[in-house]
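Only one structure is covered here, and it is reproduced in the block below.
The values are calculated or read from the model by the stated rules, or taken from the named source; none is laboratory data. Since the model is a prediction, treat every value here as computed from it, not as a measurement. Neighbour counts run over all protein chains shown; Cβ positions are idealised from the backbone, glycine included. Heavy atoms of the whole protein, side chains included, go into the accessibility calculation; ligands, DNA and RNA do not. Shrake-Rupley method; radii C 1.70, N 1.55, O 1.52, S 1.80 Å.
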Amino acid sequence: MSAPSSAPSASAESAATDYDFLTPDAGPKPLGPTPSQSRFQVDIVTEAAGAAAEDKSPSSDASTTVPSSDAATPAAPIQGPDANPGVGGGGEEAKGRFRVVNFADPSEAESAASPEAPCEGLQNGDTVMSETSLHSSTGGQHHYHYDTHTHTYYMRTFGHNTIDAVPNIDFYRQTAAPLGEKLIRPTLSELHDELDKEPFEDGFANGDELTPPEEAAAKESTDSKGVVKFGWVKGVLVRCMLNIWGVMLFIRMSWIVGQAGIALACLIVGMATVVTTITGLSTSAIATNGFVRGGGAYYLISRSLGPEFGGSIGLIFAFANAVAVAMYVVGFAETVVGLLAGVDAIMTDELNDIRIIGTITVILLLGISLAGMEWEAKAQIFLLIVLVTAIINYFIGTFIPLKSKESAGFFGYDGTIMWENMGPDFRAGETFFSVFAIFFPAATGILAGANISGDLADPQLAIPRGTLLAILITGIVYLGVAVSTGSCIVREATGNLNDTVSSQFMMNCTDAACKFGYDFSTCKTEKDGCQYGLLNDFQVMSTVSGFGPLITAGIFSATLSSALASLVSAPKVFQALCKDNIYPGLGMFAKGYGKNNEPLRGYILTFGIALAFILIAELNIIAPIISNFFLASYALINFSVFHASLANSPGWRPSFKYYNMWVSLIGAILCCVVMFVINWWAALMTNVIVLALFIYVSYKKPDVNWGSSTQALTYHQALTHTLHLSGVEDHIKNFRPQCLVMTGYPNSRPALLDLVHTFTKNVGLMICGHIRTGYRRPNFKELATDQARYQRWLLKNETKAFYSPVFAEDMRQGSQYLLQAAGLGRLKPNTLVLGFKNDWRDGDMMNVETYISMIHESFDFQFGAVILRLKEGLDVSHIQGQDDLLSSQEKSSGMKDVIVSIDTSKDSDADSSKPSSKATSLQNSPAMQKDDEEDGKATTQPLLKKDKKSPTVPLNVSDQRLLEASQQFQKKQGKGTVDVWWLFDDGGLTLLIPYLLTNKKRWKDCKIRVFIGGKINRIDHDRRAMATLLSKFRIDFSDINVLGDINTKPKKEQVSAFEEMIEPYRLKEDDMEQEAAEKLKDSEPWRITDNELELYRAKTNRQIRLNELLKEHSSTANLIVMSLPLARKGAVSSALYMAWLEVLSKDLPPILLVRGNHQSVLTFYS
C-alpha cells in the first residue's frame, strides 16, 4: 500500500462543495442512530496556524478519511491560508461522533500535499487511514487527518490515531439522557469485519433503549435553560423535616408522654425512628444505584422490583399523598376553628367552618404549587423558619417557670416530676401499641424529598444526605420534646390556683406537685377529671412556651408545609406513573407544562381528590388507611434492597455502602408489623388493594424492560435449579417429552407448532429448531437478531417454546448441530418432531436422503422420533408470499444484508404441496414486519391478517384447505376419539403423548381408543392383558381393539399403486452391469435395489395393509397416533422408507407417527 497523494486543489474545492452537508448544521440532531443516518456524524473544522503548530509529528501530516454507512465517501477539507478557524466551532464539537480536521497552516500546505510526506499512520494495521482508504468510493484519493487529541471523543491511542475509542461516559448514556448526549462507540463489526463488507447498522446495546415515554421525558429534560433544580438542603432536607415534624409534635407528643411515660415514649420514638432509618438507608441504596428520574417512591420501586410492584404501589402512593393533603388541611382548619371558637367568631357551625376554611386553604396551596417549584420551595423555607422558631420558643419556655403556669401543671425541670413521669400510666383503655399507632404517622414523610427526585440537581447525593440527616434531626427533637415535657409538667392538674396543700396534709401527699405546694389529687376522684396536665391538655406546649402564639404559628406551619409537600408529591409521582403507561387510561396526566415540565393536570386531579375529602371533614377512618399506604411503600422499598442483593446481579452497585440486605428485610417486616399494629383492618385493605393492582398489571403485561431485580432473581433461580437438576438422575416417573420441533420459522407451520405445544405446555421443553443454509457466507448477526424477534413472536403468541436457529452447510449437518447442542443440562430435548415431507416426490431425492438421515440420527442420539402428517400439508408460508408485498417490506426494512434460504434450508421437513419461492421464508419473518405490531396485539393468526396496503390475492381451493387445516389444533376438539395404534412397544411414548393431549382443555372431550395387533385365536386374552396394563398405568381408555388380520395380504390394486409409486426410484441392478449399478448406487444412494425390495416384501405389504385398516377403523378420528415403522440403517434405502411412510399415512385424518427410544417412559410403581 502506498501513501495516497493529495488531490488537486480544484477537485478539493469541488469536493468541498459536494459535501457541504458535512459541515455543522444549526438544525436539531436526531437522538440516536437512524437507518438513514450516517454511522458517524462528521464535523469538518479547520484549526488556526497556531493550533496546527502544536503537533508536527509525521502522523499529523497523514491524511485519513471517515468511514460511513453510505459508502464512506471522504470529506474534503477547507484549505487555504484564509481558512476560518471558527468553522465547525466549539458549540457543535461535542455533538458529533468525532471531528475531521485538516491543519491549514499556510507554511506547511506544500509539505502536506507532497506524496513523499512520511505517513506513520500507514504503518499501523489499526489506523483509520489504512482501513477506510479501502472503504472510499473515490479509490482512496482524498485522506484527511482525525484530530483525536483535542476536543474529541477519540483519543490518540498508543501513538496512533485509531478508530478504536477510549472509555468515555457518553458511550454509556441512554438515548436523550438529560445529563448529556449519547455517543455511539464503534461497533465490533466496524472494527472487526472484513474491509470489503459494509459496516452494519447497530442499534443500541442491550438494555440501552428507553421506552417512548422515557425518551420523551428525557428529551424534555435535555433543555436545561431556566430549569429549577434544587440542592440537598432545599430539595430534600427542608421538605423531609417539614413533613416529619407534623402537627403531632405540638398537640400529641405531650399526651403520649403522659400515657406511656418518658421511658416508653422514648422507646416509641426510637422504634419509629428505627423503621424510618432502615427505610432511609434502603432509599439511599436504591437512589445511588444509577441515575434517578422523577417519580420518587414509584420510580425507585418500579425500577428495582419491576412494573407490577411499582405500578401497584405508585397508584396508591399518589392517592395517599392526595388524601394526605386533605388530612393536613383539615388539621389546620380545626386549629383555626378552635381559635375562632375561643373568641366566639364561628361563622356557621364548627363542621361547615372547617369545610370553608379548608377549601380556601387548599385553593391557596394550589396557587402556590401552580406558580412553580421555585415559589413552592420559597414557601417551604418560610414555613420551616416559623416551625423551627416555634420549637426553639418551646424549649426556651421550659426554662422559664412562672407562678401563673403552676396551676396548669408546669413547674419547670425537676427530678421528682421526671421520676414520676418515667413509667407508664395508661388511661382510657390505651395500650403501648395503641399509643405507638397514634405516634407513628408523625414519623412518616421521609420520602418527601425523594418524591421530587426529578427536580433535584443531583438525586444520588441529595436523597441519602438530606433524608438521613432529616431523620436524625427530627428524631433528636422528638426525643428532646418527650424528655422535656416529662421532666417539667405533671400528668394532671386542675388549673385552680387555690388547690394548694395545707401543712397538715403535706405528710400524706405523695405526688410530685405536693413538693411545689399543690394538691391535684381531686383529678383522680372527679368523674370528668381535670382539664390540664400532660394527659388532659393537648395545648400544654403552648402553655409552657415563652410566647404562646408562636406555638399556634408552628402548628399552622407544620400542617401547611406537610399539605404543600403532599400536594407537590402526588402529581409528580402520578405523572411518572402515567408516563410509563402502566395504566393505559391515565395517559392524559403524563403531559407536563413549562420549563419544569410541571404536571398541571395532576395538580388539578390532586386538588379535586383533596377537596372531596376536605368536604367530608371526617378523616378518622381514612387516616389509618393513609398511614398504611405509606408503610406499604416503605416495606417495598426495603424489600427492593433485599431482593436486589439476593439476586446478586452485577448491575446492583449502589455507591451508598451503609446498607445491609438482612437489615432491609427486617425493615420490610417491621413495616408490615406496624401496619397491623396501627390498624389491622386498614392493613388488610391495603394488602388487598396492592394485590389487586399487582394482578391487574401482571395481567396487562406492560411492554417495559427496566432490568429489575425480579428479572435478575429469576435468572439466578433458573441457573441454580438447572445446575441442581443436572446432578439428579432421571427417573421414569418424572419423564416428560422434551421436543426438538423442526418448524423452520415458527409461524410457517402452525399445525405442527400448536399440536406439539398442546402436549408440552407446562409439561416439557419445546424447542423450535430452524436450520438455515445458503450459498453466501452466514450472517450470524442477522441470525441473532432473528432469534430475538422470533422468540418475542412465540411469547406474544403465548407459546411456551424456545426458538433455536443454526447456520449449516446442509440440512443434515444442521440437524446434527441441533441434536447435539440444543438445550442445557437436563433441559435437553429427548424427542425429535418432524413434519411429514409431502412433496418428497417433486424435488431432489437427495433432500429425501437428508430427511430420512435425520430420523436415523435421532435414534443414534437416543432420541424418540415423531412425524406429523396432515393430508393438506403443513407449510403455509407460501400463502402470504405475494412478491409485491415482500418487496415493499424489504424496501422499508433497514436491514443491510438479508440472507434468503434456499428451498432445502427453508424446511427440514418441507411439506408444502408446492415448492416455495425464496421469498417464502422471509415473508413470514417478523424481522420483515414492523418490530412488534404498533397496536401491541399478538399476531396469533398472522395468516389471516393481511397488510391493509397490500393487494388481496384470492386463495385457490388447495391453499384455502391448507389454511383451515393449519388452524384445526387451535380450536377445541369436540367429542371424538384419539386412536392409538400401539403396534410395537417403544417404551410407552406412543401411549404417553395421547394421554398428555387428552388431559388438555382442548382435547378433554376426546376418548382414547387403543388398537393392538394380535392373533385371531387370542383376541380376548390380548384385550384383557392390554386392559390390565392400561389400568396399571392409570390411563383411561374407551375401547381396546385387537387386530387379528394385520398380516392379511393387502388388495392387489393397492400393491400395484405402491409399485407404480416406487418405480422411478428403483435401481434395477439386474438390467445393468454390476459396476454400473454400484456406481449409480454410490451417486444416488436413495435408489431401491431389487434385492432390498424382495427382502422387505412382507414389511412393505404390512404398511399397505395397515393403511387399509386405518381407513376402515379410524377414518373419523380427530387424531391417529401410530407406531412409526423402523428401517434398519444401511439396509433400507431412503426412497423405500419414505414410500413406506407415504403409503402408511396417506388419505387419513391427522396422523402422528411415534417411536420412542425403547426406554420405559411409563411405570406402574409408586
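Worth pointing out:
- Separation of the T522 and E798 label points, Cα + 7 Å toward Cβ, nm: 7.8
- Calculated FRET value between T431 and N687, using beta carbons and R₀ = 25 Å, to 0.05: 0.60
- For segment 731-845, the carbon plus sulfur part of the accessible surface works out to 51%, probe radius 1.4 Å.
- When R1009, R826, R239 are compared by accessible surface with a 1.4 Å probe, the order from highest to lowest is R826, R1009, R239.
- Once the Cβ-Cβ distance of D1036 and E1060 is raised to the sixth power relative to R0 = 45 Å, the FRET efficiency obtained is 0.55.
- Extension gain, M418 to L364, is 15.1 nm, computed as 0.36 nm per intervening residue step minus the present C-alpha separation.
- At the residue level, E1075 shows approximately 140 square angstrom of accessible surface with a 1.4 angstrom probe and all protein chains present.
- Here the convex hull built on the C-alpha positions of segment 765-879 has a volume of 136 cubic angstrom per residue.
- Taking amide H as placed 1.01 Å from N in the peptide plane, D519 has its amide H under 5 Å from the amide H of T500, V501, each at least 5 places away in sequence or on another chain.
- The solvent-accessible area of C578, taken with every protein chain present and a 1.4 Å probe, is close to 10 Å².
- Ranking by accessible area, most exposed first, for D860, D1005 with a 1.4 Å probe: D860, D1005
- The calculated Kirkwood hydrodynamic radius for segment 977-1102 is 18.1 Å, given to one decimal from all distinct C-alpha pairs.
- Largest-first principal axis extents of the Cα set of segment 959-1025 (Å): 47, 26, 23
- Mean shadow area of segment 315-457 over all directions, Cα convex hull, nm²: 13.4
- Rolling a 1.4 Å probe over the protein chains gives I669 an accessible area of about 100 Å².
- With the simple spin-label model, which puts each label point 7 Å out from Cα in the Cβ direction, the L497 to L615 separation comes to 5.0 nm.
- Taking 28 Å as the limit for the C-alpha separation, the pairs K701/K975; K591/K800; K781/K828; K871/K1015 exceed it in the case of K701/K975; K591/K800; K871/K1015.
- Using the Cβ-Cβ distance between K595 and I385 with R0 set to 35 Å, the FRET efficiency from 1/(1 + (r/R0)^6) comes to roughly 0.80.
- Largest-first principal axis extents of the Cα set of segment 310-364 (Å): 50, 17, 16
- Overall Cα dimensions of segment 585-710 - principal axes, largest extent first, Å: 48, 42, 32
- Figure note: R465, R1105 ranked by solvent-accessible area, largest first, 1.4 Å probe, ligands and nucleic acids not counted: R465, R1105.
- Alpha-carbon Rg/Rh ratio, for segment 234-355, with Rh computed the Kirkwood way: 1.08
- Spread of Cα-to-Cα distances over 10 Å intervals beginning at zero, given as percent, for segment 349-421: 15, 23, 22, 23, 15, 1
- Projecting the Cα atoms of V756, N734, L684 onto the charge dipole of segment 672-783, computed from C-beta unit charges around the Cα centre, puts V756 farthest toward the positive end.
- Between I392 and D1090, the modelled label-to-label distance comes to 12.0 nm, taking each label 7 Å out from Cα in the direction of the beta carbon.
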